[in-house]
Amino acid sequence: MILSGTFTFEGPRARVWDILQDPDVLAKALPGTKTLTKVGDDRYQGVMKVSVGPMSAAEFNITVELKDKVEPEKFSMVIDGKGGVGFTKGTATIVLDEQPGPITVMTYTSDVQIGGKIAAVGQRLLESVGKMMTKQALEALNRELKARLGSG
Amino acid sequence: MPAAPPYLRARVPRNEDARLLTGRALFVDDVQLPGMLHVAFVRSEHAHGRITSIDASAARLRPGVHAVYTAADLGDYLKPGPILVSPPPIPNLVFHGCTQLPLAKDKVRHVGEPIAMIVADSRYVAEDAIRDVVVEIAPIDAVVDLEKGLAADAPLIHEHLTSNLAAHVIQRKGNYASAKAKADIIVKRRFHYDRGVSAAIENRAVVVDWNPKSEEMTIWDTTQAPIPIRNGLAAMLGLLESQVNVIAPFVGGGFGPKIMMFYPEELLLPWAAMRLNRPLKWTEDRQENFYATTQERGQVHDAEMALTKDGRILGVHDVFLFDTGAYDPYGLTIPINSQCTLIGPYDIPDYESEFTAVFTNKTIVTPVRGAGRQHGVFVSERLLDLAARELGIDRVEIRKRNLIGPDKFPVNHEIMFQDSAPLIYDSGDYLPTLEQAAEIIGYEQFIREEQPRLRAEGRHVGVGVACYVEGTGIGPYEGARVTIEPSGKVRCATGVGTQGQGHFTVFAQLVADVLGVNVVDVKVVTGDTREFHWGTGTFASRGAVVAGSACHAAASNVREKVLNLASVLLNVPPDRLELSGGRVFDTDDPQRGMSLGELSGKANPLRGAVRPGTEPGLESTAYFGPDRGSTASGVHAIIVEVDPETATVEIKRYLVVHDCGTIINPMLVEGQIHGGVAHGIGNAFYEKLVYDEQGQLLNASFMDYLLPTATDVPMIETAHRETPSPYNVVGLKGVGEAGCIPTGAVFAQAVEDALAGSGVEITEIPLSPNRLFELIEAARK
């Protein structure tokens, strides 16, 4: 499954970068995230709950590794998730471009392979669920960004 | 209304229906035993990968779990399964047999391949424990596409081989090159046929009861082949065959995948039951069924037909790829059926067919109702349609010009059939069948009047007419034991399993006519190895032909015994005796006689002597083993209406004119045809398994995998013809698969006809509204 798009953050690139590297912020912003902890340099582990069609609240243990970091311009993520109803494996690339305002335009592309029961039963809905979760996450991150900017 | 003798050709109500319809029939999942434990399987989520570690320790500690077995725990029992069907003796045949381990050891080769077996107090606990087993798999790129699978750089599924080629076979009749040289036209296309599931209502199930005191094992199994299962399991478990009893009780649909033998679950439960000394049960859930029960139909054909300008077929050349899935335990039955069935009822002097079987990272392929015959029929029927259009000849007319005449039988096609015997048609009368179908569907009138009238109204209606020939009733043999009991009732035991075909009725009809008893007094027993333990199974449309002929033979022997004994007791020559109404009597004085029950008592006396050369009782066991199968045939005709905006297809009429030799029970023949056509309609327009490029099955549930429902299956019209087979006494031919064999071909032809002028050409099955819409759109451009 390929998900890609752009999203505009209402703030400067350096602050967007900080938010994207903060596991506590990400844990709050990513829908269904129960825990997300930094376990090493650029390595995070956590537990996510995802609902896709008939699969409600399927838990995944996920590992995210950040790679190819060029602060504050771009980074890649290697994602590995395993759960009782399947697995997910893939990469995502995020590019941040600061524009006058200042605003930051994020361009993201991800290529994620999904297998097991969740692929077999939820396939019709995976893409729309993926898009919806991405949108919710990015909007939550933007709200956090604005809150931080507003408070100083 | 009860049927009266003679029962042959009578619409005898089914003996088994009272039990089935009132919920009193035993299915495997009904078996409940004291102390029974339940089994679930950890299955691969990856289509292709190397197992790097399996940690079952947490699962073993879960309360309620009795055992967890992985490949490492199986010891000597960890062996690849047997090759079930050896390839026929075809010159230069290449076959690489690769079969599955009961639990994957180093590699997984398809999603759903079993990796660990969990035994627990309940299925709930066992399912929970699946998540406790940590399996690490390093994924390898999957082979999904057949052509890419044969490329030099394709990942190897079986690493001891040098490619993913599973088999390569060429069969020839005559010389196609010379046919091509003489031809006025060559019609050439690529055809695709894709995968589906068999979708039996009842999934697979196994219950095992090992009695350590009597050292006997009873296995209830949804198999179509209880006797070979018993023999194979006994050998693998180190038991005598007589220590193992396999019962295939009522089974909710077989359709082929249940003739696949020694599935991992079937091998593992008996083994584990002997170690745990507890009865075990496993019932497949629907999701597992999509991965773990065999499937069929992936083939790609590059075919051409050489014809004269007046539409006579000179030759056919076909090269195809066959998707055998991750392993090939069933050998080459399917692609050889495709090769042989392509010829159909037509006189094709020169024929060359070459196939390559390809391993893929998908569920194992074994026969599903039709078993490759669909593909052959689809290719030849579509090529004839295209030739007819190109030559400006009517579609029915071009078929008539090529049919094999009734004086040509037996017809030797000089190639090998799936039963390792030459493909010889025993009998047939094809032209009247085609004429009758065209007449009933009103072909001429539809083409000349109705279609133009409806087209003028802007409606898109089309007609299709397709022929087929079906090899049925192959050997090696089946047997039956018929016994007249002192009650006067007759018991008929045979080895074939039953999955809804009506064996309890058709076998009873054959026996009742021979012995002159009421059909409801013949109690048929099938699929229980304690009752009858010689035989092979229910497949290849052979139950009625082969087991039916054995029942007939055993009943005829018993009739001889009745006549001989009654002749002595009544002091009447045997040729003056008649059997009727459950009695044997003197035709000169019908009052002089006795009931068969009384005679049975006299045949088994408590005093006196059973004379040398005779046997006690009125009982006989007989076998029937034909050298080769008998050839059924028929014609399907269909009228459809297509909505070009939504690409939905409405089937207005569906007709099957069928010739399965002597008909035992027309009602059951119609039932088989109705079910088969429904299966075929699903195959043609609804059912398709969708795999992604990593071998993940994307529609493994009935939410996304569409089956035709009552609203999608039309009323099916039938007409029967009888050209008896010379290969058995009654003249029987098989009918179990006939309904679904030409369905895709006739559907495609009619849809194309409905869209005539649009440029839409259909060279693939299954279609769907979505796919048809794409074809209509593509033709517009």
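Given an 8 Å cut-off on Cα distances and at least 6 residues of separation, report the relative contact order of region A:2-150 as a percent.
Values: 299 pairs, mean separation 42.5, N = 149.
Relative contact order of region A:2-150: 28 percent.
Taking the Cβ of A:Y44 as the centre, find all other residues whose Cβ is under 12 Å away and add up their charges (Lys, Arg: +1; Asp, Glu: -1).
-4
Given the -39500 (n - 2.57) contribution per DSSP H run of 4+ residues, what per-residue ellipticity at 222 nm results for chain B, rounded to the nearest 500 deg cm²/dmol?
Mean residue ellipticity, 222 nm, calculated: -7500 deg cm²/dmol.
Less than 17 Å apart at the alpha-carbon level, and either on another chain or at least 8 residues along: which aspartates and glutamates does that give for B:K523?
B:E16, B:D17, B:E485, B:D513, B:E531, B:E619
For region B:281-388, run through the trypsin sites (Lys or Arg not before Pro) and keep only the ones in DSSP coil with at most 15 other Cβ atoms within 10 Å of their Cβ.
Values: sites: B:K281, B:R286, B:R297, B:K309, B:R312, B:K362, B:R369, B:R373, B:R382; in loops: B:R297, B:K309, B:R312, B:K362, B:R369.
Taking region B:281-388 and a limit of 15 other Cβ atoms within 10 Å, the loop trypsin sites (Lys or Arg not before Pro) found are B:K309.
Considering only Cα-Cα distances, which of the following residue pairs are longer than 21 Å: A:K69/A:K131; A:K49/A:K146; B:K180/B:K309; B:K188/B:K309? Let's see the in-between values first.
Values: A:K69/A:K131 24 Å; A:K49/A:K146 27 Å; B:K180/B:K309 13 Å; B:K188/B:K309 16 Å.
Beyond 21 Å: A:K69/A:K131; A:K49/A:K146.
State the Cα centre-to-centre distance between region B:94-147 and region A:74-113 in whole Å.
31 Å
Using the Cβ atoms and a cut-off under 9 Å, what net charge is assigned to the surroundings of B:D350, where Lys and Arg are +1 and Asp and Glu are -1?
Numbers: positive: B:R172, B:K173, B:K180; negative: B:E352.
Surrounding charge for B:D350 is +2.
So if the hydrodynamic radius of chain B is defined as the Kirkwood radius over C-alpha pairs, what does Stokes-Einstein give as its diffusion coefficient at 20 °C and 1.002 mPa s, in µm² per second?
On the way: Rh = 27.7 Å.
The diffusion coefficient I find is 77 µm²/s.
Can you give the Rg/Rh ratio of region A:63-104, where Rg is from the C-alpha atoms and Rh is the Kirkwood radius? Kindly include the intermediate steps, with their values, before the conclusion.
Numbers: Rg = 14.3 Å, Rh = 12.0 Å.
Computed over Cα atoms, the ratio is 1.19.
Please identify every one of the trypsin sites (Lys or Arg not before Pro) in region B:23-121 that sits in a loop by DSSP and has no more than 15 other beta carbons within 10 Å of its own beta carbon.
Working: sites: B:R24, B:R43, B:R50, B:R60, B:K105, B:K107, B:R109; in loops: B:R24, B:K105, B:R109.
The qualifying sites are B:R24, B:K105.
What net charge is computed for the residues neighbouring B:R611, neighbours being all others with C-beta under 15 Å from the C-beta of B:R611, Lys and Arg scored +1, Asp and Glu -1? Could the numbers behind the result be given before it?
Working: positive: B:K561, B:K602, B:R607; negative: B:E615.
Taking every other residue near B:R611 into account, the sum is +2.
Just need the relative contact order of region B:122-274 here, percent rounded to a whole number, with Cα pairs under 8 Å and 6+ apart. Numbers along the way, then the final one.
Working: 136 pairs, mean separation 27.3, N = 153.
Across region B:122-274, relative contact order equals 18 percent.
May I ask you to derive the FRET efficiency for B:K602 and B:R24 from their Cβ-Cβ distance with R0 = 25 Å, giving the value to the nearest 0.05? Numbers along the way, then the final one.
Values: r = 35 Å, r/R0 = 1.39.
Computed FRET efficiency for B:K602 and B:R24: 0.10.
Could you give me the radius of gyration and the Dmax of region A:1-145, taking only the C-alpha atoms into account and expressing both in angstrom?
14.9, 46
In percent, what relative contact order does chain B have, based on Cα pairs under 8 Å that are 6 or more apart in sequence? Don't skip to the end; give the middle numbers.
On the way: 1942 pairs, mean separation 121.7, N = 781.
Value for chain B: 16 percent.
Starting from the Kirkwood Rh over alpha-carbon pairs, what translational D in µm² s⁻¹ does the protein assembly as shown have by Stokes-Einstein at 37 °C and 0.692 mPa s?
Numbers: Rh = 30.7 Å.
Answer, rounded: 107 µm²/s.
Given a Förster distance of 45 Å, report the FRET efficiency between B:L707 and B:V134 from their Cβ-Cβ distance, rounded to the nearest 0.05. Walk me through the intermediate numbers first.
On the way: r = 36 Å, r/R0 = 0.80.
Step by step, r from the Cβ atoms, then E = 0.80.
What lysines sit close enough to B:K258 to cross-link, taking a C-alpha to C-alpha distance under 23 Å and skipping anything fewer than 8 places away on the same chain?
Cross-link targets: B:K79, B:K281, B:K362, B:K688, B:K733.
Once each part is reduced to its C-alpha centroid, what is the distance from region A:2-25 to region B:687-726 in angstrom?
49 Å
Using just the helices of chain A, give the 222 nm mean residue ellipticity in deg cm²/dmol: DSSP H runs with n ≥ 4 each add -39,500 (n - 2.57), and the total is spread over all residues, rounded to 500. Could you put the intermediate results ahead of the total?
Numbers: 3 runs with 49 residues, N = 152.
Calculated mean residue ellipticity at 222 nm is -10500 deg cm²/dmol.
Write down Rg/Rh for region B:100-182, rounded to two decimals, with Rg from the C-alpha atoms and Rh from the Kirkwood relation over Cα pairs. If you can, show how the numbers build up before the last one.
Details: Rg = 21.4 Å, Rh = 17.2 Å.
A ratio of 1.25.
Identify the GluC sites (Glu not before Pro) of region B:438-541 meeting these criteria: DSSP loop state and at most 12 other C-beta atoms within 10 Å of the C-beta.
Passing both the DSSP loop test and the Cβ count: B:E457.
Relative to the Cα centre, what is the charge dipole magnitude of the protein assembly as shown, using +1 at the beta carbon of each Lys and Arg, -1 at the beta carbon of each Asp and Glu, and rounding to the nearest 20 debye?
Values: 91 positive and 115 negative charges, 222 e Å.
Its charge dipole is roughly 1060 debye.
Give me a comma-separated list of calculated 3J(HN,Hα) values for region B:317-328, in order, Karplus coefficients 6.51, -1.76, 1.60 applied at θ = phi - 60°, integers in Hz, x for any Gly or Pro.
10, 9, 10, 9, 9, 10, 7, 9, x, 6, 9, 9
For B:V522, what residues show an amide H to amide H distance below 5 Å, using hydrogens built from the backbone and excluding near sequence neighbours?
Hits under the 5 Å cutoff: B:V490.
Using a 10 Å cut-off around each Cβ of peptide B:130-136, what is the average number of partner chain Cβ atoms that fall inside? Please report the intermediate quantities before stating the final value.
On the way: counts 1, 4, 1, 0, 1, 1, 1.
Partner-chain Cβ atoms within 10 Å, mean over residues of B:130-136: 1.
Bear in mind these aren't lab numbers, they're just calculated from the coordinates by the rules spelled out. The model shown is predicted, which means the values in this text are computed figures rather than measured ones. Don't worry about glycine lacking a Cβ; one is built from the backbone with ideal geometry, like all the others, and counts go over all protein chains shown.
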